[in-house]
Amino acid sequence: MLVDPLMDDQELDSRQSAGAVHREGVVRVSRDGVDLGRAYLELTGYADPLRIGRQ
């Protein structure tokens with residue numbers, strides 16, 4: 001499945017205030033070149049590597 005943003009620059013860098021990078025906006029969802037529809041996607045906390053388990 002492929003998720004493509006419909007508009008550029010939908011990322012908000014609020015590390016100086018809220019402490020996170022946040023991305024939200026409308027996306028197109030497709031699979032094997034077939035358009036499946038539109039969705040609203042919201043992502044937070046992806047700017048730094050996620051550490052799981054022992055370090």
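Taking every residue in region 35-52 that is at positive phi and pairing it with any residue that is of a type in the set (Gly, Ala, Ser) and modelled with pLDDT of 70 or more, at least 6 positions away or on another chain, the pairs with Cβ-Cβ distances below 9 Å are Gly37/Ser30; Gly45/Ala20. Here is the figure for region 1-39: residues that are of a type outside the set (D, E, K, R), part of a strand (DSSP E or B) and under 14 Å from the mean Cα position of the chain (by Cα) total 12. Filtered by the rule that a residue be open to solvent by 70 Å² or more (accessible area, probe 1.4 Å) and not aliphatic (A, V, I, L, M), region 1-32 gives Asp8, Asp9, Glu11, Asp13, Arg15, Gln16, Ser17, Arg28, Arg31, Asp32.
For first residues located in region 3-25 and at pLDDT 85 or above, partners that are loosely packed, with under 13 Cβ neighbours inside 10 Å and in a loop (DSSP other than H, G, I, E, B) and lie 6+ apart or on another chain with Cβ distances below 8 Å form the pairs Gly25/Leu6; Gly25/Met7.
The values are calculated or read from the model by the stated rules, or taken from the named source; none is laboratory data. Please read these numbers as outputs of a predicted model, since none were measured by experiment. Backbone-built Cβ (ideal geometry, glycine too); neighbour counts: all protein chains shown. Ligands, DNA and RNA are stripped out before the accessible areas are found, and what is left, the full protein with its side chains, is counted by its heavy atoms. Shrake-Rupley method; radii C 1.70, N 1.55, O 1.52, S 1.80 Å.
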